[in-house]
Structure formats: C-alpha cells, structure tokens
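Below is one structure, written out as structure tokens; the observations come after it.
The values are calculated or read from the model by the stated rules, or taken from the named source; none is laboratory data. Computed from a predicted model, the values in this text were never measured in an experiment. Each accessible area value is taken on the protein alone, full model and side chains, heavy atoms only, with ligands, DNA and RNA left out. Shrake-Rupley method; radii C 1.70, N 1.55, O 1.52, S 1.80 Å.
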Amino acid sequence: MTTTSTTAVGQTYLTLLRAAQLTLGPQGDDLQVGFHIAVSALQLRCLTLVQELIQIPDRVYPETIAGCLEEAAAQTCQWDLATLPPEAVDFIIDLADLKHVLGQRR
C-alpha cells in the first residue's frame, strides 16, 4: 500500500539517485571518493525504507549535487517517521551530515 510517506521516501531515493549520477560527471571530479560512496550509500539505504519505488513521470531533478542533497533533505520533512523503520531517523541525520560536508567545500 502506498502512503504519503512512502511516496516521499521514494521521491527522496530518486533525488539521491540523481545526486549519485552527478558525482560521476564533472561536478564530482574534485570530490573525495568517500563522498561519492556516502551519496551512493544513502541512496541505497533510502531504498531499503520503502517496499516499492514510486515513479514520478516528467519529474525534473536538480542539476547539482548540492541541489539534490538539499531537495532530498527537504523531502524528508514529509516522511512519517511513525510508519517507517527506526533506521529512517539515522538516515535523515546522515543526509544532513553529508549536506554539511558538501557545504563546507564551498
């Protein structure tokens, strides 16, 4: 059964997938390998929080890694933590940490 929260988690996953794709291009050239791995790990962890992936037709994703992380963090506000596994809170904290690390690079 799809709920508003699982839809939001699915959207967050797709946004993080876009961030992972962007790290493979020129935007990721000056990022440390650990950062690349951290983005991919968050993406995969997010996928484990939902049973089904929500596809959103014609969805436009941010064009920067920072934009993707910012949007993904904003999307977590729509998550209903009462309906998600306890790992969801850890995920949100780790996403905020990753956003912070990237923000320090600017």
For the chain, the percent of accessible surface on carbon and sulfur atoms (probe 1.4 angstrom, ligands and nucleic acids excluded) is 58
Kirkwood estimate for the chain, i.e. one over the average of 1/r between Cα atoms, Å
13.8
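In nm, what is the difference between 0.36 nm times the number of residues separating V33 and Q21 and their Cα-Cα distance?
Numbers: separation 12, 0.36 × 12 = 4.32 nm, distance 1.38 nm.
Full extension of this stretch gives 2.9 nm more.
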